[in-house]
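To start, the structure itself, in structure tokens.
The values are calculated or read from the model by the stated rules, or taken from the named source; none is laboratory data. No experiment lies behind these values; they were computed from the predicted model shown. Cβ placement follows ideal geometry from the backbone for every residue including glycine, while neighbour counts extend to all protein chains displayed.
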Amino acid sequence: MIVRNYTLKQLQTFIEVAREKSVSRAAERLFVTQPAVSMQIRQLEEAFGLALIEPVGRNIQLTNAGQEFLVHAIAALGKLKDLEASMAEHVGAKKGRIELGIVSTAKYFVPMLLVRFNKLLPGIDIALRIDNRDNILGMLQRNELDLVIMGRAPANIDCEATPFASNPLGIVAPPEHPLVRRKRMPFDIVKDHPFVVREHGSGTRAAMERLFEQYEIPIKIAMEMPSNETIKQAVMAGMGLSFLSMRTVRHELASGHIALLDISGMPIVGKWYVTHLSQKKLSPAAQSFKKFLVEQAEPLIDSWA
């Protein structure tokens, strides 16, 4: 049997390059330089004597060997995570590492929760991944994440989703918008007004589409944007209305830079869930963080300014 000289870091780097289809974007994700990513890939290719990636225009494409390598690399990392979870039981809940994925909207309160959790259990390291819902679900399904925080439990993945906080969503507008002064408006009043919306794959976009389908109203889209921060700036500039989590705009609402429309039946109140694969054996560290969210997160989020 030939022993190949390659490292866990090289496997992780390769998976990131494959996912992003770009060395530069992978470097940003991994918080390293582009030459460092290129070197890791080159060393991995040298270890196996195969080309795993090839440039196509400005992007990266996997070779046939690279596609097969990706399947086995993801499976190998999943097995290593299971190994770490099993060994962590011998250490206890005070030490360990958690791979945590969160949807973009959760970034407005999760860092605060991580600071509080770190004060309770400083020996636990948390690696945080932030992305839209579709991408986070893909990572969960591939067993790349221990826990996921999202606003709607996945329907097509065998997982355990536990609610830990409320997630109110409403329609916001620039403060000078004519609808801001009106009270208890019917929902269909927004049908002729343009909306700035999140991209397809976002949980907020999916929730918005379900709501408009419920009222049988088409969404008049002014622009589609990939981040809540950009959307807030667009709303403040008068580009249109938007449908957002109240957790996202709490500071703008308090300062008067954005206004919440008074629409009957809104805000709608969903839930935030902490989710993991049903068959996954959670480490004591992951169990501790899940317990912390369920028992302490909501009052911390509500009181956080």
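For segment 252-281, a residue qualifies if it is touching a strand residue (DSSP E or B) at 6+ places or on another chain (Cβ under 6 Å) and under 14 Å from Val148 (Cα atoms), and the qualifying residues are Lys271, Trp272, Tyr273, Val274, Thr275, His276, Leu277, Ser278. Within segment 125-151, residues that are not assigned by TED's automatic domain parsing to the domain that holds Glu28 sit with their Cβ atoms under 9 Å from residues that are part of a loop (DSSP other than H, G, I, E, B) and of a type in the set (Val, Ile, Thr), at 6+ positions apart or across chains, in these pairs: Leu137/Ile157; Leu140/Ile157; Gln141/Ile157. List pairs: first residue in segment 186-207 and in the same structural domain as Leu260 (by TED's automatic domain parsing), second residue acidic (Asp, Glu) and at pLDDT below 95 anywhere in the structure, Cβ distance under 7 angstrom, at least six positions apart or on different chains. Pairs found: Gly201/Asp134; Arg205/Glu199. Candidates are the residues of segment 49-80 that are of a type outside the set (Asp, Glu) and farther than 25 Å from Asn143 by Cα; the one that is surrounded by the fewest Cβ atoms within 10 Å (Cβ to Cβ) is Gly57. Listed by position, the helices (runs of 4 or more DSSP H) enclosed by segment 226-305 that each have at least 2 residues that are surrounded by 20 or more Cβ atoms within 10 Å (Cβ to Cβ) and modelled with pLDDT of 95 or more are 228-236, 284-292.
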